[in-house]
Amino acid sequence: MKVLVTGAAGFIGYSLAVKLLERGDSVIGLDMVNDYYDVTLKEARIARLREMGGNRFTFVRQDFSQYEPLVESLSGLEFERIVHLGAQAGVRYSITNPHAYLHSNLAGHLNMLEIGRHRGVENMVYASSSSVYGGNTKLPFAVEDRVDQPISLYAATKKADELMSETYAHLYRLPLTGLRFFTVYGPWGRPDMMMWIFTKAIAAGKPIPVFNNGDMYRDFTYIDDIIAGVIASLDNPAPDDGEVKAGGSTKPHRLYNIGNHKSEHLMRVVEILEEQIGKKAIIDFQPMQPGDVRQSFADIDAIARDHGYAPTTSIDVGVPKFIEWYKSYHGV
């Protein structure tokens, strides 16, 4: 299979590209490699993909929010399927830098839909987010739930992406699957996310910011489990059969939650980090942040039913794996 993966220098995009290359697929990785977080880490991911992929990996350095240059950068390159994972990430960053989300998450998503439409791809899988559930109080979050009251601009852009995708599935019968990811962590992760921030601070003997005074729960999902769900969705395009699909569409468009189906207390993760690092955390309890939610919890029945998805990695296994990688990456 020839697959175009956007966000290939990012955490999930890189991890997906590794698995696709390992099973023999060819990958075109597209990424602008911006400086939202450490560019050195992004370049290290790309270098590793080049090394392991050889002539089955092609890297395109391009901003997909710019349509004409995007089309030009992909001319002459062949691909049958798209996994669109590139985006401007971060709930809190969207409060202070809203226009970055307009470009990457709205214009960028539309541009990738246009690429998929005009190239006649067999399937396009794209990243949504568990953030679309906003302040919903019904747990666990299910793809059938209402998600029209986002509490961050980031969440609003991801919901907008789902709506644009529904339109393209209707107008052009483009097979689409949107994936609502729940708190992804693991090796080669992001420095702006909790797991990395806490690990770095605890190791350095510095305070860790714990919001809502520690009363926080997350459905922490290990990267390998996330990728298993992405590949299952990539290999099985949404059928254009008029039947109601996960998320409610009768078009070739499905929505799935990809989570661990366990809502873990944040302080339990802190305990595991302390054990693995060998230091007690200095905790700086803080109030809830704007745009944040107290609890996330994924109902994964839809993707389990359609694709047999079954996450296997608990935080007791996954967090130590992240720490092992973190120490290796930093030469500790």
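The values are calculated or read from the model by the stated rules, or taken from the named source; none is laboratory data. Here the structure is a predicted model, which is why all the values come from computation and not from measurement. Neighbour counts run over all protein chains shown; Cβ positions are idealised from the backbone, glycine included. Accessible surface is based on the protein model in full, side chains and every heavy atom, while ligands, DNA and RNA are left aside. Shrake-Rupley method; radii C 1.70, N 1.55, O 1.52, S 1.80 Å.
Every listed requirement among (1) outside any helix (DSSP H, G or I); (2) hydroxyl-bearing (Ser, Thr, Tyr); (3) at pLDDT below 95 is met by Tyr126 save one, (3). Filtered by the rule that a residue be among the aliphatic types (A, V, I, L, M), modelled with pLDDT of 95 or more and surrounded by 13 or more Cβ atoms within 10 Å (Cβ to Cβ), segment 279-332 gives Ala281, Ile283, Ala298, Ile300, Ala302, Ile303, Ala304, Ile315, Val319, Ile323.
When you look at Asp148, is it surrounded by fewer than 17 Cβ atoms within 10 Å (Cβ to Cβ), in a loop (DSSP other than H, G, I, E, B) and within 14 Å of the chain's Cα centre (by Cα), yes or no?
no
Against the conditions (1) crowded, with 23+ Cβ neighbours inside 10 Å; (2) β-branched (Val, Ile, Thr); (3) part of a helix (DSSP H, G or I); (4) free of Cβ contacts under 8 Å to residues at least 60 places away in the same chain, Thr40 satisfies every one except (1).
Scanning segment 120-152 for residues being without any contact (Cβ under 8 Å) to a residue 60 or more places away in the chain and farther than 25 Å from Leu16 by Cβ gives a total of 8. Residues that are open to solvent by 10 Å² or more (accessible area, probe 1.4 Å), under 29 Å from Val210 (Cα atoms) and hydrophobic (A, V, I, L, M, F, W, C) were ranked within segment 246-272; the one that is farthest from the chain's Cα centre (by Cα) is Met267.
Do you know which residues across segment 175-194 are touching a Pro at 6+ places or on another chain (Cβ under 8 Å) and open to solvent by 10 Å² or more (accessible area, probe 1.4 Å)? Of everything in segment 175-194, just one residue is touching a Pro at 6+ places or on another chain (Cβ under 8 Å) and open to solvent by 10 Å² or more (accessible area, probe 1.4 Å), namely Pro175. Filtered by the rule that a residue be assigned to a loop (DSSP other than H, G, I, E, B), without any contact (Cβ under 8 Å) to a residue 12 or more places away in the chain and open to solvent by less than 70 Å² (accessible area, probe 1.4 Å), segment 63-81 gives a lone residue, Ser75. For Arg117, all conditions in the list (1) touching an Asp or Glu at 6+ places or on another chain (Cβ under 7 Å); (2) under 27 Å from Val3 (Cα atoms) hold save one; what is the number of the exception? Here Arg117 clears every test but (1).
For first residues located in segment 309-328 and farther than 16 Å from Lys200 by Cβ, partners that are open to solvent by 30 Å² or more (accessible area, probe 1.4 Å) and lie 6+ apart or on another chain with Cβ distances below 6 Å form the pairs Ile315/Glu264; Pro320/Gln276. Please find, within segment 151-183, the residue that is modelled with the highest pLDDT out of those that are among the polar types (S, T, N, Q) and assigned to a loop (DSSP other than H, G, I, E, B). Per the criteria, the residue is Thr183. The selection criterion, being open to solvent by 30 Å² or more (accessible area, probe 1.4 Å), part of a helix (DSSP H, G or I), within 18 Å of Pro187 (Cα to Cα) and at pLDDT 95 or above, does not hold for Ala17.
Scanning segment 49-62 for residues that are open to solvent by 40 Å² or more (accessible area, probe 1.4 Å) and in contact (Cβ under 8 Å) with a residue 24 or more places away in the chain yields Met52, Arg56, Thr58, Arg61.
Screening segment 22-37 for residues that are acidic (Asp, Glu) and closer than 24 Å to Asp192 by Cβ and picking the one that is least open to solvent (accessible area, probe 1.4 Å) gives Asp31.
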